[in-house]
1. For region 127-171, with equal point scatterers placed on the C-alpha atoms only and solvent neglected, what are the log10 I(q)/I(0) values from the Debye formula at q = 0.29 1/Å, to two decimals?
2. In the chain, how many lysine pairs have Cα atoms under 26 Å apart, counting only pairs 8 or more places apart or on different chains?
3. Label point 7 Å out from residue 554 along Cα-to-Cβ: which residues of region 319-341 have amide N under 15 Å?
4. Along the principal axes of its C-alpha atoms, what lengths does region 598-720 span, in descending order and rounded to whole Å?
5. Would you mind counting up the charge near residue 76? Only other residues with Cβ under 13 Å from its Cβ, with Lys and Arg at +1 and Asp and Glu at -1.
6. Which number do you get for Rg(Cα) / (2.2 N^0.38 Å) in region 447-488?
7. Going through region 471-564, which trypsin sites (Lys or Arg not before Pro) have at most 10 other Cβ atoms within 10 Å and a DSSP loop state?
8. What are the extents of the Cα atoms of the chain along their three principal axes, listed from largest to smallest and rounded to whole Å?
Amino acid sequence: MPQTRPSICRFCHAGCAILVDIDDEGRPVRVRGDRDNPVYRGFTCEKGRQLPAQHRHPDRLLHSMRRGGDGRHEPIASTQAMDEIAARVSAIVAEHGPRSVAVYTGTCASRNPAAKPMMTAWMNAIGSPMRFDSNTIDQPGKAVAAAMHGMWGAPPQGFDDADVALLVGGNPFVALSGGVPNPDPVRRVREARARGLQLLVIDPRRSETAAAADLHLQPLPGEDIAIVAGLLHVIIRDGLHDTAFVADHVQGFDALRDAVAHFTPEHVAQRADIRADDLVACARVFGSARRGVATSGTGPSLAGRGSTLLEYLVMVLNTVCGRYLRAGEQLWNPGVLLPAMPHKAQATPPWPAYGYGEQLRVRGLTDAACGLSTAALADEILLEGAGRVRALFCLGGNPAAAWPDHDKTVAAMRSLDLLVTLDIKMSATATLADYVIAPRLTLEIPGTTYVSEIMYHYAVGFGLPVPYAQYTPAVVDPPAGSDLTEEWRFFHGLAQRMGLQLELAPNFPRPGQAPWELDMREPPELDTLLEHLYRNARVPLTEVKRHPRGAVFAADPLVVEPADPGWMGRLDVANPEMLAELAAAQSPWWPHDERHPFRLLCRRHVGALNSSGLDLPKMLTKPYNPAYLHPDDLAAMGVETGDAVEVRSETGAMLAIAEADPTLRRGLVSMTHAYGDVLAGDARFREAGSNTSRLTRVDADYDRITGMPRMSNVAVAVRAATTLPTANADATTTA
């Protein structure tokens, strides 16, 4: 009988509450938002509504695959794949040591809540430190900046009672994160503005979010550091900072004031090509507001050199304005599946930000608060000598489409002794892999909203606005005749075959709390793993399960506690390294390049998450990756919407389809990151899209601490394409 079951969309981190219509054969046929959910109120985006299409996609892998001697992939039983992979990994570790094995976790690794914890336990058992993830090619400066600045012992001020929200390079209407709570951000902004919130946006494009702003600064790209420094200049000059908070909890204020003295409104306006009066107005609105925070998005982080400095300055902006909860104020989200943590009105001083742990062999990079630099991993694979990475496991990611420096990435993938990826289809990375492990999809496994909840710990302006949680069981069975392996079971199976004992720590372990030694004879059920992972939760998982459509778990109001007697910790707004970088930024880091007069900016697409979802029906209406330019720029080149253009950087070139976008400044070209999930270059740019990583390098214009390379604001030349590739039916694609 057809039926409807509640579940959680796990296409991205937003965790929307959904209702899944299931036909009489047990297949998902429709997804819609749950209007009775107390937080999401019926909201879901295009990605979630495409889940049935993802489950029934003709190119979905229903069996794991193994590369044969002729380079072609053939189906292999998952148990046999684990046998063979375990034997090969054991041999590699025996000959080259644990460091020769690396893992990469992409954004989609969070879809199965036990996958990354089990993979981590496996790497611990091997003894390899080589763990990389997508954060270090997204916004790694957030964690490093926090270490250099220190952290306030209570949450930042929340969105629901804010008077102002400042977004630097973020577009939460599309990204569903960053500065506006992810449950239905458009409606939340509309409701907040009705009660008086002022929305301030800094973005070179009049993005979907910027179009709703009370004040939109639309600068030249790459001037975010100067603009935030200019905001600090005005706020300090005009006495709009929180003098009491600064006096009691901050160090380095005088040095900060001197460091931003150069960034006058006139200087910043001239550099960024904005009106000085608008900069002053933005500073005064933010500085004089009673409550609210500034949040930075992915865009400025992708600018490479200085990305940590930008994140640091945004933290400093919040700190000098005192935008944190104080003693006696109620926590807006005390957590549900997170532990009940004490929150105190005191500053934790800075801690080591980098320079410890594993030392990478390139560019002087080390372990850091953000983790090891993913942008260095291709070099760690290609560079001969002791310590070379020879085996790579990819969980929830697609390096060949998503990593910077595409050509180097593909060369690295090809040079590995063993490449294993867990993927739902033959992606670009999968076509290079020795083994492709086919996992279950989200509607076929249990899940929770833990990932959405933990975003609170990621940075200011993230996380759920109330103590909300939901658990979902699997709502459909895997397709008949399939051989699908949950990701965590795969790593448990490898450990079992390698004779390794796995120990699984709970999320946020308490001091002295021992990890769980797993039974290596038989894997537990996923719900048993979740009970362990959430054993320290404020609300037991059994209670969350009693509310299948999600609930707000309000308890007695939890408030911020006073500081400990004699507490002396202070937040540092004048880190010497950051102020030295700021001094170097007193003149533009990215001068105009006559040979490459345009700047390529990356943008997000609401129907996809990085490289995931690009082959689903909503995307098939426009399978290519448009090169958006201002209509006047197109006219000046004699190019019309739909024409092919060549986009060329210092590093490489690619073909794309031009499209007019009047929301852009002139001189910019805007494209979506991680398109072109093929290994065919330009052969299928109309059908599969163009990959902007072909225009970037990992060893130029990178952040010296995080290794974050320049992936946006790339200097390029754009012209009408004069030579087009012929159709190539044999080109490697992902469908």
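1. -1.10
2. 12
3. Hits in region 319-341 for residue 554 at 15 Å: 330-335.
4. For region 598-720, the Cα extents along the three principal axes come out at 41, 34, 27 Å.
5. Values: positive: 66, 67, 72; negative: 74, 83, 84, 434, 483.
Here the count lands on -2.
6. 1.69
7. Here the sparse-neighbourhood loop sites are 521, 546.
8. Principal extents (Cα only, largest first): 69, 67, 57 Å.
Every number in this text was worked out from the coordinates using simple rules, so none of it is lab data. The structure displayed is predicted, hence computed values, not measured ones. Note that we place each Cβ from the backbone using ideal geometry, even for glycine, and neighbour counts take in every protein chain shown.
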